[in-house]
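A short write-up of the structure that comes next.
The values are calculated or read from the model by the stated rules, or taken from the named source; none is laboratory data. Remember, predicted model here, so these are calculated numbers, not experimental data. Note that each Cβ is placed from the backbone with ideal geometry, even for glycine, and that neighbours are counted across all protein chains shown. Each accessible area value is taken on the protein alone, full model and side chains, heavy atoms only, with ligands, DNA and RNA left out. Shrake-Rupley method; radii C 1.70, N 1.55, O 1.52, S 1.80 Å.
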Amino acid sequence: MATPNSALRAARMGLLMSQDDFARAIRDAGNRAGQPNDANKRLVQRWESGTTTAPRPVYARALEAVTGLPLESLGFTITVPMARVTEDGHGGHDMEAPAPAVTPTTPTPQGEPQGAHRNYSGVWLSKYEYFSSGRDAAFTGLHYVVLLQHGNRLTARSLPNGSSNPNSPLTMDLEIDGHVATGTWTEQTATDGYYRGARYHGAVQLLVEPTGRRMTGKWVGFGKEFDVNTGPWELVFQDASTNRATLAAYDRPPEV
């Protein structure tokens, strides 16, 4: 049985697009790049259902252009070319043409976690705090995110306008085990902001409160000077619905 691609679905829903809208955006991106494609609703359905796990290159480039995310953050299998290295007989090495691509396997989840009956899908308010050494002050980052759950995997993507820092999309990929959620985060800062489009990423671990309506913990990541920093992070439940009207209602900057 195919595993649904929750990461792609969350990215599409975070853009407030239907599957038809998303397919149209993929076609438009291909046309702008001079690489036309035939994306349609059925293709998007195959991607999201997990029936198709690796898009063709022409679609991969368009997907990255539309979502603003690298393909590996969209839940797809990435093919990795393996280069062959041989000695050249003169103390050096030659690299021959890549061998056929190999597809890395996805680890099989080791059973369902405790409390797997609870579903955390919905709209959540993400809040983290960080210290800016360049400005010698502490700041808070707020995002409304759409969170989707499949088994013990949680995927969160911020809504297009749902950030306290405009044009700074946030993604989170977590695995939940009982009352502990562990995973990674990525934020692409605004090109016209203080960090001038820098892409930051790191790890996060959150404890889920018994009510299931709040997750609190800490993040770890690198700073502007490549020092390792940490700080508090929390997710606060807002709405269980992920329909288009609900997402549109939260597509606005959160209030501090």
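Values as computed for the structure displayed
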{"read-out": "Pairs with Cβ under 7 Å, 6+ apart, first in segment 190-209 and surrounded by 13 or more Cβ atoms within 10 Å (Cβ to Cβ), second in a loop (DSSP other than H, G, I, E, B) and among the charged types (D, E, K, R)", "value": "none"}
{"read-out": "So Gly162, is it open to solvent by less than 40 Å² (accessible area, probe 1.4 Å) and out of contact with any helix residue (DSSP H, G or I) (no Cβ under 9 Å at 6 or more places or on another chain)", "value": "no"}
{"read-out": "Residue list for segment 13-32, restricted to those being surrounded by fewer than 16 Cβ atoms within 10 Å (Cβ to Cβ) and either among the hydroxyl-bearing types (Ser, Thr, Tyr) or in contact with a strand residue (DSSP E or B) (Cβ under 6 Å, 6 or more places away or on another chain) (or both)", "value": "Ser18"}
{"read-out": "Whichever residue in segment 176-187 is touching a residue at least 60 places away in the same chain (Cβ under 8 Å) and open to solvent by 60 Å² or more (accessible area, probe 1.4 Å) and, among such residues, is farthest from the chain's Cα centre (by Cα)", "value": "His179"}
{"read-out": "Of all residues making up segment 228-249, the number that are in contact (Cβ under 8 Å) with a residue 40 or more places away in the chain and either basic (Lys, Arg) or farther than 20 Å from Ala11 by Cα (or both)", "value": "6"}
{"read-out": "Filtered residues of segment 47-76 (kept if over 19 Å from the mean Cα position of the chain (by Cα) and either in a helix (DSSP H, G or I) or among the aromatic types (Phe, Trp, Tyr) (or both))", "value": "Pro57, Val58"}
{"read-out": "Matching residues in segment 210-219 - criterion: being in contact (Cβ under 8 Å) with a residue 12 or more places away in the chain and open to solvent by 60 Å² or more (accessible area, probe 1.4 Å)", "value": "Pro210, Arg213, Arg214, Lys218"}
